[in-house]
1. What do you reckon, is residue B:50 within 15 Å of ligand 1 (Cβ to nearest atom) and over 19 Å from residue B:198 (Cα atoms)?
2. Quick one: which of B:4, B:65, B:29, B:79 is under 19 Å from the mean Cα position of the chain (by Cα), within 16 Å of ligand 1 (Cβ to nearest atom) and buried (at least 17 other Cβ atoms within 10 Å of the Cβ)?
3. From the list B:74, B:45, exactly one residue is more than 16 Å from ligand 1 (Cβ to nearest atom) and surrounded by fewer than 22 Cβ atoms within 10 Å (Cβ to Cβ). Which is it?
4. Do the conditions hold for residue B:103, that is, is it surrounded by fewer than 23 Cβ atoms within 10 Å (Cβ to Cβ) and within 11 Å of another protein chain (Cβ to nearest Cβ)?
5. On the basis of being within 26 Å of residue B:236 (Cβ to Cβ) and away from ligand 1 (no atom under 16 Å from the Cβ), does residue B:171 make the cut?
6. Could you check how many residues of segment B:184-194 are more than 13 Å from the chain's Cα centre (by Cα) and either crowded, with 22+ Cβ neighbours inside 10 Å or away from ligand 1 (no atom under 16 Å from the Cβ) (or both)?
7. Residue by residue through segment B:7-26, note down the ones that are out of contact with any strand residue (DSSP E or B) (no Cβ under 8 Å at 6 or more places or on another chain) and more than 9 Å from ligand 1 (Cβ to nearest atom).
8. Out of A:52, A:68, I need the residue that is in contact with a helix residue (DSSP H, G or I) (Cβ under 7 Å, 6 or more places away or on another chain), within 20 Å of residue A:197 (Cα to Cα) and modelled with pLDDT of 95 or more. Which one?
Ligand SMILES: Nc1ncnc2c1ncn2[C@@H]1O[C@H](COP(=O)(O)OP(=O)(O)O)[C@@H](O)[C@H]1O
Ligand SMILES: [Mg+2]
């Protein structure tokens, strides 16, 4: 066994940080877009209109039932082969957002359904329409319950973004691969990358943990 | 005030209400009694259209509410409902529970809604709890806020579905007192409750419901002490 020599990490620090930036940038876009998709689809899954409900259900099932890597390959390699060119970044953001949206949709749906039926009945018995009841009674309560699983989902998204290294995005993982192909110091580089991912996800779960506690105090 | 004619309601194959006919006068207080599962809640919920009956007609204040053309949300404003489990909005303070529908449904100005809310809180004896969240209130206090919330819409009728059966004994009285006051003020009320003290004091009429039909009805005295039908007697002997 050789003793690890982490100077390789510090020698390539700037490059790793560029990769980190790309990871964070793309993840941030995907989190926001995925949240918007997921909220809309989650509500559609509870729609009174059967077709909408089924379409939303089909989207969720299909995305959750297929590997993210395959979805990314369809966008990045598949679409150009039928004449639709996407930049790597566009494919990355679209792919991650669509993927995350399906999981967020389930979180949103479950959050809404977890609110006691009596809440809707109380609101409706005051003459509130279904929409008013949803906006002012159900969603504010569901939102608080959704936060922990949502944080979880965002963390998964950031980790999953490492797959973007396979569609020519120089994010953190791929930056590491570049360095290793020059230096062959796989152990140092990949452990350093693991720690960098962990710092991001751990920070995120702490920030949102604080937010969650704030919300709980105020209700 | 309320006319119910031949009301039928089924859930799937289970027929819960099997032809209810009755009328309730303005200002009348009616107490509904009957075994668990006899259809008391279902009947009440039909009156504010939380359940839609399959057959029969309900008229409230001259308006046929079971007609397909009515605006359900409008009807419900006129029929207040108080639930066994209170169903306060946990994310809203007591006052905001009361004013929410005033603001969003009646679109009343914030200042005016607030005044109405505070007035109603005073009426149910909770002036000091305006800014308390429901989870910081006792069951009895929560139920009183729920009553105030329903009253805020200025309903013509108030429905109570076992308003005290989720409460600890020492809190039952404070809720019943509010209801008695309401009855004394002339509110038309339909109350599902086995609180005989309340019925004797405040009710004009007691209706005994069994397996989806009205078996017997009369003054509290007639029902509680001189029931004519054997099923009524049997039921009363179980709860007394
Ligand atoms: N939404 C529903 N779906 C199916 N069955 C129901 C529903 N609501 C009530 N029931 C049934 O109808 C019967 C009467 O219920 P309910 O009106 O709640 O009785 P009560 O209030 O007198 O105890 C019960 O057998 C109950 O299980
Ligand atoms: Mg009941």
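1. yes
2. B:4
3. Only one candidate qualifies: B:74.
4. yes
5. yes
6. Residues meeting the conditions: 3.
7. If the condition is that a residue be out of contact with any strand residue (DSSP E or B) (no Cβ under 8 Å at 6 or more places or on another chain) and more than 9 Å from ligand 1 (Cβ to nearest atom), then B:13 is the only one that fits.
8. Exactly one of A:52, A:68 is in contact with a helix residue (DSSP H, G or I) (Cβ under 7 Å, 6 or more places away or on another chain), within 20 Å of residue A:197 (Cα to Cα) and modelled with pLDDT of 95 or more, namely A:68.
The values are calculated or read from the model by the stated rules, or taken from the named source; none is laboratory data. Only a predicted model underlies this, so the values are computations on that prediction, with no experimental measurement involved. Here the Cβ is made from the backbone with ideal geometry for all residues, glycine too, and neighbour counts use every protein chain on show.
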